[in-house]
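Take a look at the structure below.
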Amino acid sequence: MIMLSARNQLPGTIKSISRGVVNAEVIIITPAGVEISSVITLGSCIHMDLEPGDNVTAVIKASDLIVAAGSDFVISCRNNIPGVIKQIIAGRVNDEIIIDANGTELVSIITQSSVKRLNLTENMKVSALIKASNVIIMK
């Protein structure tokens with residue numbers, strides 16, 4: 001049994017793979033319909049023998065999940081997952097933000113000052129932003 005410290009472990013199925021010369025973009029769809037994009041090396045894609053239809057888990061550290069408030073932003077981040085803040089757990093420096101994204105729970109760790117600056121509250125609509133290069137694939 002493999003145990004990971006990463007808070008976000010989203011099981012899903014590979015929807016598609018775009019192979020390049022150096023990297024591959026792997027699109028994973030969760031049972032709740034959340035689509036996650038991961039960019040990994042082509043070598044890893046070959047080594048893991050990844051193919052569409054494979055069951056995998058998208059792994060994202062909570063510190064790699066950015067919380068965005070509002071909807072008027074243009075970003076390069078490949079994963080922009082809408083959701084609602086389910087819970088905010090206050091800490092001394094960082095807060096834990098638990099987001100419900102269409103039935104998929106996502107956890108982010110951000111500074112208290114960011115929580116205050118963004119006026120984040122429970123039940124607030126937000127976007128969970130994750131760079132595709134920060135999504136690890138486990139098979």
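Asp72: surrounded by fewer than 16 Cβ atoms within 10 Å (Cβ to Cβ) and outside the structural domain of Ser18 (by TED's automatic domain parsing), yes or no?
Details: surrounded by fewer than 16 Cβ atoms within 10 Å (Cβ to Cβ): yes; outside the structural domain of Ser18 (by TED's automatic domain parsing): yes.
Against the criterion (surrounded by fewer than 16 Cβ atoms within 10 Å (Cβ to Cβ) and outside the structural domain of Ser18 (by TED's automatic domain parsing)), Asp72 qualifies.
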Taking segment 16-51 and keeping residues in contact (Cβ under 8 Å) with a residue 60 or more places away in the chain and assigned to a strand (DSSP E or B) leaves Glu25, Val26, Ile28, Ile36, Ser37, Ser38, Val39, Ile40
Applying the selection to segment 102-114, what residues are among the β-branched types (Val, Ile, Thr), over 13 Å from the mean Cα position of the chain (by Cα) and closer than 11 Å to Ile89 by Cα?
Ile110
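Among the listed residues Ser71, Ser5, Ser16, which satisfies the condition of being at pLDDT 95 or above and of a type in the set (S, T, N, Q)?
On the way: Ser71 fails: at pLDDT 95 or above; Ser5 fails: at pLDDT 95 or above.
Being at pLDDT 95 or above and of a type in the set (S, T, N, Q) holds for just one of Ser71, Ser5, Ser16, which is Ser16.
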For Val56, state whether it is without any contact (Cβ under 8 Å) to a residue 40 or more places away in the chain and buried (at least 18 other Cβ atoms within 10 Å of the Cβ).
no
Here the residues within segment 19-51 that are surrounded by 12 or more Cβ atoms within 10 Å (Cβ to Cβ), out of contact with any Gly (no Cβ under 7 Å at 6 or more places or on another chain) and either at positive phi or of a type in the set (Gly, Ala, Ser) (or both) are Ala24, Ser37, Ser38, Ser44
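The values are calculated or read from the model by the stated rules, or taken from the named source; none is laboratory data. Just so it is clear, the structure is predicted and the values come from calculations on it, not from any experiment. Positions of Cβ are generated from backbone atoms using ideal geometry, with glycine treated the same way; all protein chains shown enter the neighbour counts.
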